[in-house]
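No value in this document is a laboratory result; all are computed from the given coordinates. All figures in this text were calculated on a predicted structure; none of them were measured in a lab. Note that each Cβ is placed from the backbone with ideal geometry, even for glycine, and that neighbours are counted across all protein chains shown.
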Amino acid sequence: MHAMLDLQAVAPALLLALAAALAARIFAPRPSTPPSAPTYGPWYLPPFVRGALAVYRLGKEEDGFLLAARRDYGTVVWVPWPMSQHIVLETEAIRRVYQAPEKALSFYPIRREMQGSAFGASFWNDKSIMNGQVFPVHARGMKNLAPALERFITVVRARIADLAAQVDAATSGAVTIKPAEWIADTYFEASLAGMFGPNVRDAKGVSRDELWRAFCEFDKAFPIMASGMVPAWLLDRIPDVVTGKKAQGVLADIFEAWIRDGFEGLDEGVIRDMAEIPLKNDLGAHEAGKLLIADFWALQANAPYIGIQLLVFLLQAPQPFRDELLAEIDSSLAVTEDSPGPDLLTFQHLSSTSTLPLLSSCITETLRLGTATFSIRVVPQPFVLPTSAGEKHPEVVIPADTRLICATRVHHLNDEVWDRASEWDGKRFFDEKDKGEEAGRRSRRARDVYGFGGGNSRCEGQHFATAELKAFTSLFLSTFEVEVVSPVGKPDFDELYEPIELAGVDKPGFRPRRIPERVGMGAYQFTNAANADFELTVRRRTTTTA
């Protein structure tokens, strides 16, 4: 009886404690799996409609789409079919992706797949050849391209000498050129000779125009073939792809004939080493020729257009800035007992970030504003990305067996990262502060520009491309005085050109309007290039600043 009375006395307290424990279990914060990324588009639309809407908007106005996606979705957004990929939009998340090792976020499958879908290699999925031989040989070979740059510079000097002879022969002492056409043509000849040697066309008897036409037709189809968004059964029904695949065959035939002819004009180098891999694996010279299309395309589809944009920005920058740049170039090329001048135009010298730091800054700034690179990764296991401050969840999970894209363009336009992000500032990456030996060198912030991609997908040709840009720009501007013939005021100006902002210039400048269909393909190319190509008046330089 006494025990019963004690139980009755404590029963309310026990019930209260039990209720409190249950409430704590229900309402206490619990660890949970991070949420998945939001899906693009209105919730009431079917996924395939939302995906198609994203692709349409991205192709129509890339910058507007990416900036709006960052505003509306934050760190990352999932875009359903036909894209079927996550787009990473925030700076810290992009860095996290680029820092991830290959086993966490894999680039190799994308690289192999493109060898098949875009360049036609039949052995693209053979990991023992592609991962084990092709990729390591290419990476090693791209680290030292001294002979290739020497051949590149030889052609550039010849082209500049030819233009100088035209200037000297002109009664007025000046000629007018279309810079986009002249620069693209110079880069085409110089880079082809640089990487492939001077006799690559001889074995097949192909003219410069035939090779250029094949490149242009292939390049036009490249974004469609490389995207992975178009089903195989539909590809061969797209006219540009049909033409592009024929051009791909032409290119493979040209390189095959050159290989069978003993690589005439190229005794050694990464191109020869690459071609010998299919030969040693009994895949034949035609497969070797197809393998070389990738490097040929990379040479011609990016650096020339950065070279054009760089000159466009430089020639519209303030005169004091141009004078400072010319002084740096003249000093670099000056011939003294300790500095042999032209001999400094070497791969080792020009590929260094400490060489021509102001010009290096200009190149980096042009890469920031003149490229849109989509670095794609395969996600083998769930991958967690941190989100930015103010978002609903601190993390988001990218599911396994999906793909993600680093949209570097939206990072390059982010005003929270860059002061006046839409403005071209040639000194943005030039450190002028008094830091002893560091004064005047290229800023460390340049590493935050992903014009060449990043991480394990960073372009292996970046050092060669940078050396090309430095060599061409230095030789051109040290030889000629150049004046832009402005197209402003022409009836079709707004259709062919787009405005640009330049540091230290009150009114907007201009550049040829970019092709919208090449989203994420790297350097911007131009709409109606022949019509949009403005003019330059070129004269001999009569004085130097050194």
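In this structure, the residue pairs whose Cα-Cα separation is over 26 Å, taken from Lys204/Lys470; Lys427/Lys490; Lys143/Lys470; Lys178/Lys490, are Lys204/Lys470; Lys427/Lys490.
A Förster radius of 22 Å, combined with the Cβ-Cβ distance separating Asn199 from Ser122, puts the computed FRET efficiency at roughly 0.20. A dipole drawn for the chain from +1 and -1 charges on Cβ atoms has a positive end, and of Thr154, Thr402, Val538 the residue lying farthest that way is Thr402. Put +1 on the Cβ of each Lys and Arg and -1 on the Cβ of each Asp and Glu in the chain; which of Ile183, Tyr98, Gly426 then has its Cα farthest toward the positive end of the dipole? Farthest towards the positive pole: Tyr98.
Fully extending the segment from Val137 to Ala327, taken as 0.36 nm per residue of separation minus the present Cα-Cα distance, adds 64.4 nm.
Distance between the pseudo-spin-label points of Ala104 and Ala146 (7 Å out from Cα toward the beta carbon): 3.8 nm. Here the chain carries DSSP beta bridges of which approximately 85% are antiparallel, counting only pairs with both residues inside. Ordering 115-127, 153-165, 484-496, 300-312 by mean Cβ neighbour count within 10 Å, with the highest value first, yields 300-312, 115-127, 153-165, 484-496. Scoring 40-46, 284-290, 411-417 by mean Cβ neighbours within 10 Å over their residues and listing the highest first yields 284-290, 411-417, 40-46. Label positions at Thr33 and Cys216, each projected 7 Å from the Cα along the C-beta direction, are separated by 5.3 nm. Phi angles across the stretch 451-468 convert, under the Karplus curve 6.51 cos²θ - 1.76 cosθ + 1.60 with θ = phi - 60°, into 3J(HN,Hα) values of x, 9, x, x, x, 7, 10, 5, 4, 6, x, 4, 6, 5, 4, 4, 5, 4 Hz, Gly and Pro given as x. Karplus-derived 3J(HN,Hα) values for the stretch 317-322, using 6.51 cos²θ - 1.76 cosθ + 1.60 with θ = phi - 60°, are 6, x, 4, x, 5, 5 Hz; glycine and proline are entered as x.
Cβ crowding within 10 Å ranks Tyr524, Tyr73, Tyr497 as Tyr73, Tyr497, Tyr524, fewest other Cβ atoms first. Only DSSP H runs of four or more residues enter the estimate; each adds -39500 (n - 2.57), and after division by the residues of the chain the mean residue ellipticity at 222 nm equals -16000 deg cm²/dmol.
Amide H contacts under 5 Å for His86: Val79, Arg403, Leu404, Ile405, restricted to partners 5 or more places along the chain or on a different chain, H placed in the peptide plane at 1.01 Å from N.
Placing dummy labels 7 Å off each Cα toward the beta-carbon, the span from Tyr44 to Asn531 is 4.1 nm. In order along the stretch 396-403, the phi-based Karplus estimate (6.51 cos²θ - 1.76 cosθ + 1.60, θ = phi - 60°) of 3J(HN,Hα) comes to 9, 9, 9, x, 5, 6, 10, 10 Hz; Gly and Pro are listed as x.
The length gained by stretching the chain between Asp209 and Glu92 to full extension, at 0.36 nm per residue less their Cα-Cα distance, is 37.6 nm. On the basis of the beta-carbon distance and an R0 of 45 Å, Leu53 and Ser486 show a calculated FRET efficiency of 0.70.
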